[in-house]
1. Place a +1 charge on the Cβ of each Lys and Arg in the chain and a -1 charge on the Cβ of each Asp and Glu, then give the dipole magnitude about the Cα centre in debye, rounded to the nearest 20.
2. In whole percent, how big is the carbon plus sulfur part of the accessible area of the chain, probe 1.4 Å, protein atoms only?
3. Between Val16 and Met80, what length in nm is gained on full extension when 0.36 nm per residue of separation is reduced by their alpha carbon distance?
4. Run the numbers for Ala8 and Asp71: contour at 0.36 nm per residue of separation, minus the present Cα-Cα distance, in nm.
5. Residue farthest toward the positive end of the dipole of the chain, with Cβ of Lys/Arg at +1 and Asp/Glu at -1: which of Gln58, Val9, Leu76?
6. Calculate the all-directions average of the projected area of the chain's alpha-carbon convex hull, and give it in nm².
7. For the chain, what does the accessible surface come to per residue with a 1.4 Å probe? Please give it in Å².
Amino acid sequence: MKLYLAAAVLMLVLAVHTAEAQEEPTLEQHFTKFGTQVKEIAEDLADKTKTAFQNIEQSEFGTKTRNWFNDQYEKLKQKMTETFN
């Protein structure tokens with residue numbers, strides 16, 4: 001009976017030791033992984049932002065808005081020229 005108990009305890013100790021033996025990531029590895037994740041998120045965000053701005057620029061709304069601002073600028077420029085000349 002004692003032999004079975006000793007064998008069971010030995011197996012339990014080995015199982016716990018094996019579980020503890022698995023290497024946990026070091027602090028340096030955590031920071032490296034975190035840095036990589038932040039870099040990937042930033043690149044993804046930059047790509048999505050660039051695509052969104054390109055879509056807006058090429059849309060009808062973007063074109064009309066840009067033309068309206070150009071017209072307003074030209075009108076203002078013309079009034080300033082007339083006023084101060």
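1. Values: 10 positive and 13 negative charges, 62 e Å.
For this selection, approximately 300 debye.
2. Details: 5480 of 8560 Å².
With neighbouring chains kept in place, the figure for the chain is 64 percent.
3. Details: separation 64, 0.36 × 64 = 23.04 nm, distance 8.38 nm.
Full-extension gain reported as 14.7 nm.
4. Value of the extension gain: 13.9 nm.
5. The residue sitting farthest along the positive end of the dipole is Leu76.
6. If you wrap the Cα atoms of the chain in a convex hull and average its projections, you get 12.6 nm².
7. Values: 8560 Å² over 85 residues.
That works out to 101 Å² per residue.
The values are calculated or read from the model by the stated rules, or taken from the named source; none is laboratory data. Keep in mind that this is a model prediction, so the values were computed, not measured. Neighbour counts are summed over all protein chains in view; Cβ atoms, including those assigned to glycine, are modelled from backbone coordinates with ideal geometry. What goes into the accessible areas is simple: the full protein's heavy atoms, side chains included, and nothing from ligands, DNA or RNA. Shrake-Rupley method; radii C 1.70, N 1.55, O 1.52, S 1.80 Å.
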